[in-house]
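Have a look at the structure below, then the notes.
Taken together, the values in this text are just the output of simple stated rules run on the coordinates, not laboratory data. This one's a predicted model, so the numbers in the text were calculated from it and none came from an experiment. Here Cβ is always computed from backbone atoms with ideal geometry, including for glycine, and neighbour counts include all displayed protein chains.
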Amino acid sequence: MIRQFIIGSFFTIVITAVVSCHGKEIKEQLNEQSEETVELKNYTEEKVTVQEFVTWCADKNNKLNKSKDIADIRFDLSYRPAPCMAYLELRTETYDFPKFQEACNHYYDMSYFNFRLEVIDGTGELLKYKLQSPAQYEERVKYTSFEMQKDIYLVQGNDTLLPGLFHFERIFEVAPYSTVMLAFDNKKFNKDSEFTIIYNDKLFEKGFVKFNYKNKQLINLPNISGL
């Protein structure tokens, strides 16, 4: 569990760097396609490098990444496949493909998502946004640490699933956003079929925020050469 939590803390920075340095052709091709074309395209026939795969997964134009703006708050949810998680786990080590394969195996049992809450055009710490009292700040800290995980769940058919892993990362005064690394047990839902991840926002009282993933969106991914 510690491995996943550490990775969550560095995901945004590392992904940004990878997008700017690798997979330029894939990103340009994806940007040129309409939303309908992206929806229909079969990416499983493509062969890419590890870096290109990470770049593709981070691209906001594909269906792994969802975003909702509700008034002054932006909610982003991004699926992180096992190779992305493994890539970040080994980011400080000399690249070794067998070691990469072994790291991937640590993540295949669960589906990982990066959930980000951000004040649009805001500054300062997220939990201090429109703060009414010091007591309210303490309530927000307690909520994000112990209660928030009960308000995020995956719905598929008649089944409702709470995350098996949850970690809220506070950035304090650095930026007006925070991220949550969460994961759902693959044995408890069918990732090939349509499902919805719902957040019942009690932090800023924005109501139910829903992110829908359609059939096969989590498995319609490029193949990494050699994996």
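A few remarks follow.
- Across the range 100-110, rounded Karplus estimates of 3J(HN,Hα) from the backbone phi angles (6.51 cos²θ - 1.76 cosθ + 1.60, θ = phi - 60°) give 5, 4, 5, 5, 4, 4, 5, 10, 6, 7, 9 Hz, Gly and Pro being marked x.
- Rg in Å to one decimal, and Dmax rounded to a whole Å, for the range 43-98 via C-alpha atoms: 14.2, 47
- The stretch between LEU162 and TYR137 holds 6.4 nm of extra length on full extension. This uses 0.36 nm per residue minus the Cα-Cα distance.
- Summed residue charge, Cβ within 9 Å of ASP76's Cβ, Lys/Arg positive, Asp/Glu negative: +4
- Reciprocal of mean inverse Cα separation for the range 95-210 (Kirkwood radius, Å): 16.0 Å
- Here the gap between LYS99 and LYS68, fully extended at 0.36 nm per residue and compared with their Cα-Cα distance, gives a gain of 7.5 nm.
- Within the shell of other residues whose beta carbon sits under 10 angstrom from the beta carbon of ASN223, the net charge comes to -1, with Lys and Arg scored +1 and Asp and Glu -1.
- All-pairs alpha carbon distance profile, the range 36-147, 10 Å steps from 0, percent: 11, 31, 29, 21, 8, 1
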